[in-house]
Protein chains: 2
Amino acid sequence: MNAKRRRFAGITLGVLGALALAGACSQPSAAGPGASIGDIAAARGLSEADISAAVKTYVPTGQFDEYMMFASGGHSGQALVIGIPSMRLLKVIGVFTPEPWQGYGYGSEEHAQLMEDGDMAGHEIRWGDSHHPALSETDGDYDGQYLFINDKANPRLAVIDLRDFETKQIVQNPLFGSNHGGAFVTPNTEYVIEPAQYAVPLDGTYAHIDEYEERYRGAVTFWKFDRDAGRLDESESFTIELPPYWQDLSDAGKGPSHGWAFINTFNTEMATGGVMKGNPPFEAGASANDMDYLTLINWEAAARVADEAGKTVQIQGRRVIPLQTAIDEGLIYFTPEPKSPHGVDVTPDGQRLVISGKLDPHATVYEWDRIQTAIADQNFSGTDAYGVPILDFDAVVEKQVELGLGPLHTQYGSNDIAYTSLFLESAVVKWSVSQGVVLEKLPVHYNVGHIAMAEGDTRSPDGNYLVSLNKWSIDRFATVGPLHPQNFQLVDVTGDQMQLLYDSPIGIGEPHYAQIIKADKLAAWETYPQIGFNPATMSPAEDIATTGTERIERRDGEVHVYMTAVRSHFTPEHIEVNQGENVVLHVTNPEQTRDATHGFAIDKYNVNLSLEPGESQVVRFTADAAGVFPFYCTEFCSALHLEMAGYLFVRP
Amino acid sequence: MNAKRRRFAGITLGVLGALALAGACSQPSAAGPGASIGDIAAARGLSEADISAAVKTYVPTGQFDEYMMFASGGHSGQALVIGIPSMRLLKVIGVFTPEPWQGYGYGSEEHAQLMEDGDMAGHEIRWGDSHHPALSETDGDYDGQYLFINDKANPRLAVIDLRDFETKQIVQNPLFGSNHGGAFVTPNTEYVIEPAQYAVPLDGTYAHIDEYEERYRGAVTFWKFDRDAGRLDESESFTIELPPYWQDLSDAGKGPSHGWAFINTFNTEMATGGVMKGNPPFEAGASANDMDYLTLINWEAAARVADEAGKTVQIQGRRVIPLQTAIDEGLIYFTPEPKSPHGVDVTPDGQRLVISGKLDPHATVYEWDRIQTAIADQNFSGTDAYGVPILDFDAVVEKQVELGLGPLHTQYGSNDIAYTSLFLESAVVKWSVSQGVVLEKLPVHYNVGHIAMAEGDTRSPDGNYLVSLNKWSIDRFATVGPLHPQNFQLVDVTGDQMQLLYDSPIGIGEPHYAQIIKADKLAAWETYPQIGFNPATMSPAEDIATTGTERIERRDGEVHVYMTAVRSHFTPEHIEVNQGENVVLHVTNPEQTRDATHGFAIDKYNVNLSLEPGESQVVRFTADAAGVFPFYCTEFCSALHLEMAGYLFVRP
């Protein structure tokens, strides 16, 4: 009980401090219902630190979070939007996986095309392993306009428009077997960087694994982003062939290192697995060497080379700069880095690169000035087996700082402070890059992969908050079956000591990385800007009905239904067709009120739309099943929502 | 500033109260990092009520919630598991919609069959509109074993096993066009009740809308639950034909009313819509009458009748008791109830039924004793057009209590206290059922549909917490595009006044209803109970590999791959097949450590499994695309997770 007494004394003194600040007074309590704060804390066994954390993370009804975090949804294939410091899950954005609440991939012609664009190897791909979200940047600062995210499993990238928080484009990379190190953007979002992971033949053909060194390759694609169109432009994008090593994370240079991209490269052992053939298992074979490579690529020069005649080859319809050309043109260099690296993170000033070798206890700090000098002086320790020049390690490394076991990924706060996740230690370490000294360690729960900080990838990080993306939750949450949630832990980094504030179970997907943006940088729409708006083109929809012009037309062998959805009815309410007829629904929600969304579901036809105010959607289907099929509004819109229905009659 | 000063005075007094309780002392603050509670509150503009709410809802790292809430995911098709009071989203359970993080519907033979069982009208149905979750009950009390949930859009029910929180069964109802009032269970989970909503011909054929009164019908299905098998047993289930009205919510009698089911019935006007034909729109036509019906069904007697020769007909392979038989056997009665009812809620003691007519400001309270007497005395005011006897309203109604505008749904606390949602008022009203007096109203934000209370549907509700499931959030959260989250609001009902504690955005789906169970009633598994376990049968898996017996066998025109997945490798790592071969993967995770889950994804083949410790899965696919396809672990499992990979080689 003594411990608790001390706690309450602490609280009291804290509040007395506040009184001094606010001016003491002795009026009777204006307390709401229930017991005093102390009583409640006592009843719930909360310490003063708990109360402090509760108050720091509590965002009252109607108040908004200071920051918004965009996290990958891992193999849910989606993106998560989370408020900070409340850690409230504000939205799950459908990206690579169909999601019916958003009407994403359930009948909309727009989404059908989007999904089809992402199909690979002749298969309908209806999920993704979304790894690294990247907010669009202007001058090295998040601008709040777009979000990019990669799919590791089926090498693809998606573009999300942050006006309506919807996925607008999915592009695929047929040259790759998988990717990992994307999406990372250059400082003005000129390009989105997508490196491959597991090596395959770039031409997509079969090659025996014994031909690994000759036929298999790594690669990195620089996707040109057309900001006005809000689309990645395949025709302006290019790929650089790499040796058959595996690419891990990447980052773009900024400030003095602008124009360069940095990619961690492992399995330089070129292990090919095959335990049943007596080979070492992948994890052993790919971890044999003490040093792997940091890959340095001059993307600005590469973009020029890609436009020169004869400098690229076409592989599966994509522009590829052959490795030898990249070497000859001085586009690519390696430098050694310690064992099986994960994160490469450019400091906010662009002067240094911090690399974490996940099987090495150090962070290795490279100086950009030294790298430039080494390149200018051709200070090479040799080349790799494919002829890529290797910069001398000692010439480019400023220092190595012992951080702890299993360093993975580094984020930056303000004033030269870095934070690095330690997977094996289940901790976050705070350290000074310039001084090379460890300042503090905070245990996290458990097995932290990435960490994310407020504006942490920009030229001016805020510090304030750190989120630890933990892979295992173990004993942190009640058991909800053998598949347990991940655990996002929110950490306050404003004080001298880091304070763990909050645990957030992530019971959907396994987020890999997140970025945290100031909420006031976002300018999302509350409704679509006009009645009859097409989210696919982000422009007025054509060939629609608005209130009063609803109708059914038969033409060109199709039944066109021009429909509106308004509280609380669909017009028309009856759709009568013959079995086998092709039906085209043009549905518009003419409402302009925030939240006045209508769903449109056709029973047993696998159709569900989400029609936000102003939105128009087109649905094409064949009425192949005869019978009577109710359709109705799936979004509780009004007191007469249950009456917002109609019938699709299909005559045999 | 005065307001703030008063707040802090309130805090201080509150804490001084705690000191009195804990014994005052004057030791220096043991405060953690950062400012005092008061300073933090001042900086964030928090009132004392805010601080009280923050402390009441804060669950520190490693501590568990007192309750678990199971909410429907609305048209996400899923079920949500949320801790109370923390309001943390612990898990999204894949139910009607494929979900790749859980490996649900992405290659598993088990899930392929599960999904196929739910296909309707010859269409692949890959979503649902999940409405009403129902926890299994024993003697009218939640027993924590199973969760049932309905799909309104494609009339189906799903069964979730709360040992592993996975969906085990999806059954479809071909007689219905849609359902709404399910899932509700009888007090010992003898049956799961599924009433239809929009009327259609029960035989699934086309009928012109002009034949509505003759050919269209409502119905209610009683699904027999086999608790040992954990499955709904279609062969033991039966359906009762109803007039072509629409069924809304239902509830099961308990205690004295055990054996009966109660279903709200609206659109007794038999409106058929057709605005473009000059008919009144559905919402007007279905709201013309001042009174609709409460449907009373004696399910215990009906079950006996269903087993008698000649008392049922077969429609689409299902046992149906014709309406006339139900009338003749005394299985069904109506009684009038006010305008367009939504909720029917049996009191914990089973003595009363509370009905909310959503277009009537009253709650109408029916007494079970009066209903029994009226039935015994045949005290009928007549019959409906289909011959169903109508119990005299005045004979069965105890009282009507004016609650407010748009009453929808009632939940019960302890000691005779009821809470009813008021959609049009955006409020929750607290009232006494026995005294028939309103005690208090609390505004909610906004447009509340259902409410849920701790153990609220059992014979012994806890009170303590109320969750308001609000449909619109409007100004409660930052804008995340035109599709806004719903808003779950947590309310403390322990004090004299209800206190709003917390807003929870639900940015995935639109939950309709939820049930809240004491967390200690659940006994979920941390891992599967033995190595090589089949979640489909919840028993040991057959024909699998464990460590040391991995192999590849060609037989019967199939390539059988017996694989294990262990930190940090797959065995085998190489799968070599010829294009066109049929591949059968038998994959086992032999780990026994909590959280040691492995994913298994094949790039570009739309396959992703989630293999929790002990789990075995089978995947069948045709290697139709030639080339080299990496496979890898999608669940970050170890420091060498990125090296946990292999290759599928498909020779042309």
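The values are calculated or read from the model by the stated rules, or taken from the named source; none is laboratory data. These figures come from a predicted structure and were not determined experimentally. Positions of Cβ are generated from backbone atoms using ideal geometry, with glycine treated the same way; all protein chains shown enter the neighbour counts. Note: areas computed on protein heavy atoms with side chains; ligands, DNA, RNA excluded. Shrake-Rupley method; radii C 1.70, N 1.55, O 1.52, S 1.80 Å.
Side notes on the structure shown:
- Among all positions in the stretch A:246-255, there is at least one residue which is more than 10 Å from chain B (Cβ to nearest Cβ) and more than 22 Å from the chain's Cα centre (by Cα).
- Only a single item in (1) closer than 14 Å to B:Val354 by Cβ; (2) within 18 Å of the chain's Cα centre (by Cα); (3) more than 10 Å from chain A (Cβ to nearest Cβ) is not met by B:Leu408, and it is number (3).
- Residue match in the stretch B:541-552 (condition: closer than 30 Å to B:Asp50 by Cα and surrounded by fewer than 21 Cβ atoms within 10 Å (Cβ to Cβ)): no
- If you check B:Ile390, B:Ile375 for being in a strand (DSSP E or B) and β-branched (Val, Ile, Thr), only one passes: B:Ile390.
- Residue match in the stretch B:430-445 (condition: within 13 Å of B:Thr347 (Cα to Cα), of a type in the set (Ser, Thr, Tyr), open to solvent by 10 Å² or more (accessible area, probe 1.4 Å) and assigned by TED's automatic domain parsing to the domain that holds B:His180): yes
- The set of residues in the stretch B:446-468 being within 13 Å of chain A (Cβ to nearest Cβ), open to solvent by less than 10 Å² (accessible area, probe 1.4 Å) and on the phi > 0 side of the Ramachandran plot is empty.
- Looking across the stretch B:389-405, the residues that are open to solvent by 30 Å² or more (accessible area, probe 1.4 Å), of a type outside the set (A, V, I, L, M, F, W, C) and within 30 Å of B:Ser426 (Cβ to Cβ) come down to B:Glu398, B:Lys399, B:Gln400, B:Glu402.
- Tabulated pairs, the stretch A:492-518, first under 20 Å from B:Asp595 (Cβ atoms), second among the small types (Gly, Ala, Ser) and open to solvent by 10 Å² or more (accessible area, probe 1.4 Å), C-beta under 9 angstrom, 6+ apart or interchain: A:Leu500/A:Ala49; A:Asp503/B:Gly62
- Matching option when the condition is touching a residue at least 24 places away in the same chain (Cβ under 8 Å) and more than 8 Å from every other protein chain (Cβ to nearest Cβ), among B:Asn608, B:Asn578: B:Asn578
- Hits in the stretch B:633-652 - residues which are closer than 22 Å to B:Val577 by Cβ, open to solvent by less than 10 Å² (accessible area, probe 1.4 Å) and within 7 Å of chain A (Cβ to nearest Cβ): B:Thr634, B:Met644, B:Ala645, B:Gly646, B:Tyr647, B:Phe649, B:Val650
- One residue stands out in the stretch B:37-64 among those that are surrounded by fewer than 19 Cβ atoms within 10 Å (Cβ to Cβ) and more than 7 Å from every other protein chain (Cβ to nearest Cβ): the one that is modelled with the highest pLDDT, namely B:Gln63.
- Residues satisfying the stated conditions in the stretch B:65-77, i.e. under 18 Å from A:His484 (Cα atoms), within 9 Å of chain A (Cβ to nearest Cβ) and buried (at least 24 other Cβ atoms within 10 Å of the Cβ): B:Met68
- Residue that is least open to solvent (accessible area, probe 1.4 Å), among those in the stretch A:520-537 that are more than 30 Å from A:Trp127 (Cβ to Cβ) and within 10 Å of another protein chain (Cβ to nearest Cβ): A:Thr527
- Against the criterion of being at pLDDT 95 or above and closer than 22 Å to A:Gly74 by Cα, A:Ile193 qualifies.
- Residue in the stretch A:98-127 that is least open to solvent (accessible area, probe 1.4 Å), counting only those that are of a type in the set (D, E, K, R) and within 13 Å of another protein chain (Cβ to nearest Cβ): A:Glu99
- Top-ranked residue in the stretch B:155-212 [being of a type outside the set (A, V, I, L, M, F, W, C), part of a loop (DSSP other than H, G, I, E, B) and more than 14 Å from chain A (Cβ to nearest Cβ); ranked as most open to solvent (accessible area, probe 1.4 Å)]: B:Asn188
- Scanning the stretch B:131-147 finds one or more residues that are closer than 18 Å to B:Gln169 by Cα, under 18 Å from the mean Cα position of the chain (by Cα) and open to solvent by 20 Å² or more (accessible area, probe 1.4 Å).
- Those residues of the stretch A:480-501 which are facing chain B (nearest Cβ under 7 Å) and either within 23 Å of B:Cys633 (Cα to Cα) or touching a Ser or Thr at 6+ places or on another chain (Cβ under 6 Å) (or both), in sequence order: A:Val480, A:Gly481, A:Pro482, A:Leu483, A:His484, A:Pro485
- Test for A:Thr325: is it surrounded by 23 or more Cβ atoms within 10 Å (Cβ to Cβ) and either more than 25 Å from the chain's Cα centre (by Cα) or among the hydroxyl-bearing types (Ser, Thr, Tyr) (or both): no
- Among (1) away from chain A (no Cβ under 11 Å); (2) of a type outside the set (S, T, N, Q); (3) in contact with a helix residue (DSSP H, G or I) (Cβ under 9 Å, 6 or more places away or on another chain); (4) surrounded by 23 or more Cβ atoms within 10 Å (Cβ to Cβ), the one test that B:Lys471 misses: (1)
- The number of residues in the stretch A:562-586 that are in contact with a Cys (Cβ under 8 Å, 6 or more places away or on another chain), part of a loop (DSSP other than H, G, I, E, B) and surrounded by 19 or more Cβ atoms within 10 Å (Cβ to Cβ) comes to 1.
- Counting residues in the stretch A:285-308 that are within 14 Å of another protein chain (Cβ to nearest Cβ), touching a residue at least 24 places away in the same chain (Cβ under 8 Å) and in a strand (DSSP E or B) gives one or more.
- Taken over the stretch B:502-519, residues that are within 22 Å of B:Phe423 (Cβ to Cβ) and more than 9 Å from every other protein chain (Cβ to nearest Cβ) amount to 5.
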